[in-house]
Amino acid sequence: MIENVVAPLVVAVLVGLVVFIRRWLKRENPLAVTGELIVPKAWEVALPTSESLPSHVPEDKRFYWPMYWLLRNRGAADFKATSAKILVENRSEQPLTITNITVHKAQEGTPFSAAWVRYPPAGGVEALVLDFLLDEDQPTAWSATYEGSTEGLVRTGSRPYFDDHVIALSPGEAQSLLITGRANGVRCSWSLNIETSQAGKRRVVPVEPEGGVFVTSGTPANGFDHRWEWSWYDGAAARFVVPPEFD
């Protein structure tokens, strides 16, 4: 008899505790952020040393995605631009406003010049595109649009995006953001901070992308010592070759 009374009470207490914890977590961390580096099927990277280029590429590393990470893990940086997809979600029960997104530079130096490597091309979700120029001391977000590729990125508007815009998220609402960090004459590793306002409270939420911080390298002042492309089109005989336009 006692067990029949106690058991439901225990269940009710546990359910109440779970609800309390979930609401507390939402209050403490109302904005959920996930960051994912975008690796295009045609990419370009800059290498810090000639030794960064592998003399042998394993069979499972020969396609665009594993090949990219093979070189990144050997110290390569994205050449001229890095793109990422950021998903922001208001997990709370109150409206939340993103008032700014800023770049935090972890390290900065001159562009890599040892070698340039590309994986050549093989012949839609609506999202806000924000462009950052990493050469600036404090890069600011500008709205932009792609015209075919990253090379065709065009800024829109006459002022930085957050000068006269915010991103308003209703309870439970999510928004996809495409972030591009471009470098002309610098090399830097970088990450993002998202500034929010909710019910009079301001927070800064760091973005922690998978694979670590972003790394982008601009064009070296005296050019590259070497230029290579991975000749995937040669099938089993694929290797690093001099691109036709530089042969």
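The values are calculated or read from the model by the stated rules, or taken from the named source; none is laboratory data. Bear in mind that the values here come from a model prediction, so they are computed numbers and not experimental data. Backbone-built Cβ (ideal geometry, glycine too); neighbour counts: all protein chains shown. For the accessible areas, the whole protein counts, side chains as well, though only heavy atoms, and no ligand, DNA or RNA atoms are used. Shrake-Rupley method; radii C 1.70, N 1.55, O 1.52, S 1.80 Å.
Site pair GLU59 and ALA221 shows an inter-label distance of 4.8 nm when each label is modelled 7 Å from Cα along Cα→Cβ.
Shown for the chain: the carbon plus sulfur share of the solvent-accessible area, taken with all protein chains present and a 1.4 angstrom probe, equals 54%. Over the C-alpha trace of the chain, radius of gyration and Dmax come out as 23.0, 89 angstrom. Dipole orientation for the chain: of the candidates PRO95, PRO54, PRO40, PRO95 has the Cα lying most toward the positive pole (charges on Cβ; Lys, Arg +1; Asp, Glu -1). Computed on the stretch 38-185, the Cα convex hull volume stands at 149 Å³ per residue.
Taking every DSSP bridge with both residues inside the stretch 86-230, close to 75 percent are antiparallel.
The alpha carbons of the stretch 164-226 give a radius of gyration and a Dmax of 16.9, 55 Å, in that order. For the peptides 70-77, 29-36, residues were scored by their other Cβ atoms within 10 Å and the scores averaged per peptide; the highest-first order is 70-77, 29-36. Evaluated with a Cβ-only charge set (Lys, Arg +1; Asp, Glu -1), the chain carries a dipole of roughly 560 debye about its Cα centre, given to the nearest 20. Spatial offset of the stretch 95-144 relative to the stretch 56-77 amounts to 22 Å, using the alpha carbon center of each. Take the chain with all the other protein chains still there, run a 1.4 Å probe, and you get 56 Å² of accessible area per residue.
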